[in-house]
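Visitor: Attaching a single structure in structure tokens format; questions to follow.
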Amino acid sequence: ISTGTTTIGLNNADNAFRSQSLGPFTNPSPGTNPFNQIVLRPTATAGDGNDPDLHLVRFRKQTDIGGIYLHPFGVGGYTVQSFMTNHGSSGPMAQAFPQPNAIILGYATNDLYGSGRTAATVASDYATLIAALRGASFFNNANLLVIIKIDPPRTWAGDPSYITQHNLLNSALTDLTLTDANLIILNSKAVVERYGWQDNNATAFLADGVHYNGTGASLLAQVEVRQFSLMAGRL
């Protein structure tokens, strides 16, 4: 529809965070193209040691600006330990955003499959990560609400050790809630099983035994929206 250039000062030696509001933008044909898309690219000089990283874009209505805003941060293949290992010093980035009402965490499939790790070990890793995120180096909020998502079943070539530990994960994570009133476990695995998405019977919902196909993605989105609606009072 259009292009433009804005000056925000991304190329800065102090590694400071920059944010800017753009718009409002008007969709000229919402009937035929109902989904809005914005593509941003930094134009600062590359290779000079001050190269910018673009973190996220957030859509916001000009009027009626209430509702829920999600800031996604993720890397394919990460485990619970990956965040602190690779981003343990990223507290200033977290603090550059408004204080969140809740943080949603979900790594379990990568943690368990082929790693030899147990559900109890993964739960311990989550407790360590949650303590760090609530600490002074990140959000500095001991009561920050945390929601852990348990993934739906995968096939994983029928790996029985993975299936066993996946089935134990809800119990291991629920044990953490006994001493943490601000921790919620969202067991998507249990919810989708009632629709036939079960261990050793997941191919109808997966594209390759691992990633969701259209049917799986749609079902998971619907059941999780319902679960989040039930906990809306906490959010």
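Quick note: the coordinates plus some simple rules give every number you see, no bench work behind them. Here the structure is a predicted model, which means the values were calculated and not measured. Cβ sites come from the backbone with ideal geometry, for glycine too, and all protein chains shown count toward neighbours.
Visitor: Can you name the number of the only condition in (1) farther than 21 Å from Leu129 by Cβ; (2) touching a residue at least 24 places away in the same chain (Cβ under 8 Å); (3) in contact with a strand residue (DSSP E or B) (Cβ under 8 Å, 6 or more places away or on another chain) that Asn200 fails?
Guide: Only one criterion is unmet by Asn200, namely (3).
Visitor: Tally time: how many residues in the range 162-180 are among the small types (Gly, Ala, Ser) and exposed (fewer than 15 other Cβ atoms within 10 Å of the Cβ)?
Guide: Adding up the residues that qualify gives 1.
Visitor: Being within 18 Å of the chain's Cα centre (by Cα) and in a helix (DSSP H, G or I) is the filter here, so list the residues in the range 184-215 that pass it.
Guide: Matches in the range 184-215: Ser188, Lys189.
Visitor: Continuing with the same structure: Identify the residue in the range 105-154 that is out of contact with any Phe, Trp or Tyr (no Cβ under 7 Å at 6 or more places or on another chain), touching a residue at least 40 places away in the same chain (Cβ under 8 Å) and of a type in the set (Ser, Thr, Tyr) and, among all such residues, is nearest to Gly91 (Cα to Cα).
Guide: Ser137
Visitor: Of the residues that make up the range 134-150, is at least one of a type outside the set (Val, Ile, Thr), part of a strand (DSSP E or B) and surrounded by 17 or more Cβ atoms within 10 Å (Cβ to Cβ)?
Guide: yes
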